[in-house]
Each structure stands twice: as structure tokens, then as C-alpha cells.
Amino acid sequence: MKPSSEDTWPLVTVVCDNYTTREDLEACWGFSCLIRHGGKVILFDTGSDGMVLSKNMARLGLDPAAIDLLMISHQHWDHTGGIYSILDINRNLRVLVPRSFSPHFKADMKRYGVSVMEIDKTQEISPGFYTTGELDGPVREQAALVQTPAGVVVITGCAHPGIVRIAQTAKAIFSEEDLALVMGGFHLLDDGEEDILEIIGQFRSLGVRYAAASHCSGERARRLFAHEYGDHFIRLGAGAEISPSDLKS
Ligand SMILES: [Fe+2]
Ligand SMILES: [Fe+2]
């Protein structure tokens, strides 16, 4: 699966999501996407079900053995559930987890012989690929930040620390760059219309150009983001692919 040129592969391919964009892929509660950037293949989260993850990856032509980095946003079952289906095939990768992950979880990873990197602060992991660092909240969580020719792409698992806070963190790190896209789980299932419109307003003030609310964002948030962002709302689901060329102003 190693691309000879990054132009030939999308930047992000959604592997698992509550939604699907293709009939031959399964939807399941959770999130996982594959990022190809700077010559690295990065899997961000693993969904809730290893069987679905493996099946969807195979149908998308993605090889678990090609993964260089496995970044887990937070320790919830719908993001860690498929991890062993990857480690059973590929132990030659680095796993990036927030430092607050349970000692039991970290010990299990080490038992598999993989290198575990415990994330605390904002950090560049590979050229142009960053973690926000572990942000506090009801559940501690890291998000991925990817520098692209179109601007910075922010990828969230569940956004338990708050989706606006994650976007603000990205903007603080990359003050000179545009936020091209914020995508993933926004965790707005229980938020009302007014609160969601306020969040969309804050996205606008931060200059977030495209939004892709999926996974645990909730139908209300997806509807409102789609309405407010129009053709700058990207409908995610398993099989969705995003390239920097899709994120032009
Ligand atoms: Fe989640
Ligand atoms: Fe979660």
C-alpha cells in the first residue's frame, strides 16, 4: 500500500464510522481513519470492532502491515476496539497514546512488543504531522493536526475536551496557517440547536474552512453544520476520501 507518490492517494480515508458512503463497507459505532502524509501511513483510532476494521480496510485496498504510526485519540472502546486486529498483523509500528491511558492498556501494548509513545504535550510526530497533546476534559484526549498545502487538517476522535477547544488549540499552534478542515467526532449528541449554532459561529471566527462532523456528532449537529457550511460541509462515513485539493477556498 506504500504510495509511490502522495498525489496518487487521498490524504485521509475513513475506515470506520457510524455512517458509510459505500454499500460494500460496514458502518459501526466508532471512528477510524487512515492518513497518508510525508511518506508515513498513520492509522488514527481503530473503531469499535476489529472485524469491521479489517473487512473495511481490505475492501478499501489498505494493508495493516503498511501502517507506520497508530495514534489513539482516547481510551474509549469505540476508538480502541480494533487495535488488536492491527497488532496481530503489524507490530513494527509506533503506538501513540495519551499519557493518561491506563497502565494496564499500556502494558498490553508493550506485551505485543510494539513501541509505545506516551503523549503529553503538543508535539511534531513526523514532519508536518502533530498531536495537540493530551487535552483535559471529561475524558483526556489527543487530536491529530496535519499540515497540508490547503492548510491544517484537524482530526478528532470524540472531542471530549470540546470541539471548539480543539480547533482553538490547533489555531494557537498554527497561528499563521488556515484551518482547512475540522473532521471526526464532535460529541454534540446532547447539545441543543442554539449551542450548536454558537459552535458553528466559533468555527467561523477561527476561520475553519470545511467541517466534517461525523461519528458521535449527532444528527442535529450534522444537519446544522451541513446547512450552515453548505458545500463546505463534507459528509463523512466509511470509504470517504479527502485530499488537500478538496479543501480549496
Ligand atoms: Fe467515540
Ligand atoms: Fe469517546
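The values are calculated or read from the model by the stated rules, or taken from the named source; none is laboratory data. The structure presented is a predicted model; accordingly, all values stated were derived computationally and were not measured. In this analysis, Cβ positions are derived from the backbone assuming ideal geometry, glycine residues included, and neighbour counts consider all displayed protein chains.
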Cβ contacts < 9 Å: first residue within 16 Å of K55 (Cα to Cα) and among the aromatic types (F, W, Y), restricted to segment 71-85; second residue part of a loop (DSSP other than H, G, I, E, B) and more than 8 Å from ligand 1 (Cβ to nearest atom), any location; separation 6+ or different chain. Result?
Y84/T46; Y84/Y112
Please count how many residues of segment 204-242 are assigned to a helix (DSSP H, G or I), basic (K, R) and in contact with a strand residue (DSSP E or B) (Cβ under 7 Å, 6 or more places away or on another chain).
1
Where residues in segment 219-249 are under 15 Å from I200 (Cβ atoms) and among the hydrophobic types (A, V, I, L, M, F, W, C), which of them is farthest from the chain's Cα centre (by Cα)?
L224
Does S73 satisfy the criteria of being within 14 Å of ligand 2 (Cβ to nearest atom) and surrounded by 15 or more Cβ atoms within 10 Å (Cβ to Cβ)?
yes
Looking only at segment 26-71, which residues are out of contact with any Pro (no Cβ under 9 Å at 6 or more places or on another chain) and either at pLDDT below 95 or at positive phi (or both)?
G30, D45, G47, G61
Note: among G133, G38, just one is more than 16 Å from ligand 1 (Cβ to nearest atom), surrounded by fewer than 16 Cβ atoms within 10 Å (Cβ to Cβ) and closer than 15 Å to V146 by Cα, namely G38
Could you grab me the full set of residues in segment 19-50 that are among the hydrophobic types (A, V, I, L, M, F, W, C) and in contact with a helix residue (DSSP H, G or I) (Cβ under 7 Å, 6 or more places away or on another chain)?
L25, C28, W29, F31, V41, L43
Are any residues in segment 133-169 in a loop (DSSP other than H, G, I, E, B) and of a type in the set (A, V, I, L, M, F, W, C), and if so, which ones?
V139, A143, A150, C158, A159
